[in-house]
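No value in this document is a laboratory result; all are computed from the given coordinates. No experiment lies behind these values; they were computed from the predicted model shown. No Cβ is skipped: glycine too gets one built from the backbone with ideal geometry, and neighbour counts run over all protein chains shown.
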Amino acid sequence: MPPLLEIKELTTVFDTNRGRIRAVDKVSLSLQQGETLAVVGESGCGKTMLALSIMRLLPPNGSIIKGAVTFQGQDLLKLSSEEMRSKRGGDIAMIFQEPMTSLNPVIRIGEQIAEAIRLHQKLPAKEAMDLSIEQLREVGIPEPERRARDYPHQLSGGMRQRVMIAMAMSCHPKLLLADEPTTALDVTIQAQILELIDELKKKNNMTVILITHDLGVIAQTADNVAVMYAGKIVEKAPVDEIFARPLHPYTIGLIDSLPDGGEGGQRYLKTIAGSVPGLYDLTPGCRFRERCSWSFDQCAAVEPELKEIATGHFAACWKTQQKY
Amino acid sequence: MMSNPLVDIQKLDKKYSLPGGLLNSGDRIVHAVNGVDLQIRKKETLGLVGESGCGKSTLARLITRLEKPTSGVIKFQGVDINTYDKEALKAYRRNVQLIFQDPYSSLNPRKSAAVIIREPLVIHGIGNRNSRRQAVLNLMEKVGLSAEQANRYPHEFSGGQRQRIGIARALILRPELIIADEPVSALDVSIQAQILNLLKDLKEEFGLTYLFVSHDLNVIRHMSDRIAVMYLGQIVELADTKDIYNSPLHPYTKMLLSAVPSYDPQKKKSRAAIKGEARIQSVQGCIFQNRCSYKLPVCLERQPLLKKIDEERFCACHLAGAIK
């Protein structure tokens, strides 16, 4: 089966007063229908910009200079802005970390969802409102008829995220981009929202790109994982593989630095020395080499590309590629 | 069995009144801290865990006397801190220091690292120019900053380094008690591990006592000797770290632990029992009744008090010990 979404060598740059930076650098990914792909990385690694590039919602100083984003056989980058607008919120929907900034504070939530339905499905107002209430019920909002008349500030953070999901789901998207959807939520609310996304995904055979920094969330929800570092994907594998046999030293470092509180608890957590390099001061060679205990001459000379090390398991590391 | 605690909190209450809305008559009362009894022992790390709005930060602020309680007593080394005169209060503030969550907003952007770290010495009139400078440089080295960074400004540092500055500022007065309010929540995973290791080292070197406030159950487990679980202003469970994690007694503790996503993709957790939201309610009985799967008739009538289950275990649940 052809993939639902295929991203090839996507490169997104930002022009700033300190020069041009590559926030997303030659990223290639492919997703089958019904798959959940998690993109993990630390702040500034480019994971949000990757999602915004797919949606073509980049800030004004950002532009995609290279690559293709093929969705159901169609390159999204070649669509007119008109055509792209009907994809957004239609076949492709997105939810964000902080629902309060994505909802209009002065419009009742039922009306906000109904508006999306009216625009994409060309339905009369009354029917759109009925569907909107149905959508709220679907995402587990109690008493949806009454709640539809609430303003966003009258809802808790968890309920607001449910509203965002209801809005995203209202036009039955095939692809959902979820950017840190539970990061602002308490852990018991997070569990409920993850459960909801999972349920909706199964019911609608939806494909999900989940962007997160939380490896626990990934372990519990993803089928496949892509690890991003300074704009590049450095490792890509099925979720079981990533946790059982991480191959890139950065992924290994990330997993080792988690306080998993094993019996008695270890005295020290393993750490990754240093911090993420700024995208302004990138030098040739591997971007991780200055924090890496494996690095050797080749790492400074040439940047490693993703290479399949085991079936379905890719890593961009010279040492790893040498070992296997 | 134990000597006098460093901090002894008895029946502590803090109420805030929120002004009523346009058509509401009277103010709404929020009971942020509700009848808390808690001891912090010398040289231990007491973890305080709970979700947003549970009152953990208010409790921390009350202990620092940034706010005054509505009623109840906080004793430090046996003396009620509300009876302190100006001198005693100043000494107290030297002894109790805070580390904040956000290393971006808690450092003055117009002051260099050295000036920020030195400031408490100046305020308390300790030492002279030379000795202060020496103390700052010593401490900078201890928290992993170099002397040449002394004259840099906060924006020149990464998040992890800023948190190191915040830690150095907290330690410069050689306090007994450090209240760390979500000290690593704003940091990336790989940096989080560095700061947690540093906090452990400093505790040993300076013989510190920590009140470690966090919503992250993995972090709190890694750091704490004992843990207090807070829910809607009340301590619902208090025990040794291993007991909390191996055999939680309170249904809320159980729910919290089951909501933490496991890092093992093979162990998919059931999220079925996690329901509801913490809601402030002026009902009779247990504050957790609307989310509890074990609720009995008595739970709707009487509020369970924190009671001793055995030597080191306390739980506020009518069913404590009876739930599997």
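Taking the stated definitions as given, is A:Thr11 crowded, with 17+ Cβ neighbours inside 10 Å and polar (S, T, N, Q)? The answer is yes for A:Thr11. Looking only at residues in region B:187-206 that are more than 23 Å from A:Thr212 (Cβ to Cβ) and among the acidic types (Asp, Glu), the one that is surrounded by the most Cβ atoms within 10 Å (Cβ to Cβ) is B:Asp201.
Among the residues of region A:284-309, those identified as out of contact with any strand residue (DSSP E or B) (no Cβ under 8 Å at 6 or more places or on another chain) and either surrounded by fewer than 17 Cβ atoms within 10 Å (Cβ to Cβ) or within 21 Å of A:Asn224 (Cα to Cα) (or both) are A:Pro284, A:Glu290, A:Ser293, A:Phe296, A:Asp297, A:Gln298, A:Ala300, A:Ala301, A:Val302, A:Glu305.
Suppose the filter is hydroxyl-bearing (Ser, Thr, Tyr), crowded, with 22+ Cβ neighbours inside 10 Å, under 20 Å from A:Val276 (Cβ atoms) and within 12 Å of chain A (Cβ to nearest Cβ); does B:Ser158 pass it? Explain how you work it out, then say what you get.
Values: hydroxyl-bearing (Ser, Thr, Tyr): yes; crowded, with 22+ Cβ neighbours inside 10 Å: no; under 20 Å from A:Val276 (Cβ atoms): yes; within 12 Å of chain A (Cβ to nearest Cβ): yes.
Criteria not met by B:Ser158.
If only residues of region B:75-125 that are β-branched (Val, Ile, Thr) and surrounded by fewer than 16 Cβ atoms within 10 Å (Cβ to Cβ) are counted, the one that is nearest to B:Lys42 (Cα to Cα) is B:Val79.
Among the residues of region A:26-57, those that are outside any strand (DSSP E or B) and of a type in the set (Gly, Ala, Ser) comprise A:Gly34, A:Gly41, A:Ser43, A:Gly44, A:Gly46, A:Ala51, A:Ser53. The set of residues in region B:165-186 being surrounded by fewer than 24 Cβ atoms within 10 Å (Cβ to Cβ) and within 14 Å of chain A (Cβ to nearest Cβ) consists of B:Glu182, B:Ser185, B:Ala186. Does A:Ala23 qualify as being within 14 Å of another protein chain (Cβ to nearest Cβ), assigned to a strand (DSSP E or B) and either crowded, with 20+ Cβ neighbours inside 10 Å or not basic (Lys, Arg) (or both)? Answer is no for this residue.
Among the residues of region A:70-83, none qualifies, meaning not one is surrounded by fewer than 18 Cβ atoms within 10 Å (Cβ to Cβ), of a type outside the set (Ser, Thr, Tyr) and within 29 Å of A:Ser275 (Cα to Cα).
Exactly one residue among B:Ser214, B:Ser247, B:Ser262, B:Ser258 is out of contact with any strand residue (DSSP E or B) (no Cβ under 7 Å at 6 or more places or on another chain), of a type in the set (S, T, N, Q) and more than 9 Å from chain A (Cβ to nearest Cβ), and that residue is B:Ser247. Counting only helices (runs of 4 or more DSSP H) that sit completely within region B:42-145, those holding 1 or more residues that are within 14 Å of the chain's Cα centre (by Cα) correspond to B:56-63. Under the condition of being of a type in the set (Ser, Thr, Tyr) and outside any loop (DSSP other than H, G, I, E, B), which residue from region B:207-226 is surrounded by the fewest Cβ atoms within 10 Å (Cβ to Cβ)? Step by step, filter region B:207-226, then rank; the result is B:Thr209.
Taking the criterion of being within 14 Å of chain A (Cβ to nearest Cβ) and surrounded by 20 or more Cβ atoms within 10 Å (Cβ to Cβ), the residues of region B:36-52 that qualify are B:Thr45, B:Gly47, B:Val49, B:Gly50, B:Glu51.
Determine whether region A:118-136 contains at least one residue that is closer than 24 Å to A:Asp186 by Cβ and loosely packed, with under 14 Cβ neighbours inside 10 Å. Looking for residues that are closer than 24 Å to A:Asp186 by Cβ and loosely packed, with under 14 Cβ neighbours inside 10 Å, one finds none in region A:118-136, hence no. In region B:227-307, counting only helices (runs of 4 or more DSSP H) that sit wholly within it, the ones holding 2 or more residues that are crowded, with 18+ Cβ neighbours inside 10 Å span B:241-246, B:251-259.
This table checks each residue for (1) touching a His at 6+ places or on another chain (Cβ under 9 Å); (2) farther than 23 Å from A:Phe14 by Cα; (3) facing chain B (nearest Cβ under 10 Å).
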| position | (1), (2), (3) |
| --- | --- |
| A:Ala237 | yes, yes, no |
| A:Ala244 | no, yes, yes |
| A:Tyr250 | no, yes, yes |
| A:Leu258 | no, yes, yes |
| A:Gly285 | no, no, no |
| A:Trp294 | no, yes, no |
| A:Lys307 | no, yes, no |
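Would you call A:Ala166 within 10 Å of chain B (Cβ to nearest Cβ) and either part of a helix (DSSP H, G or I) or within 29 Å of B:Pro251 (Cβ to Cβ) (or both)? Against the criterion (within 10 Å of chain B (Cβ to nearest Cβ) and either part of a helix (DSSP H, G or I) or within 29 Å of B:Pro251 (Cβ to Cβ) (or both)), A:Ala166 does not qualify.
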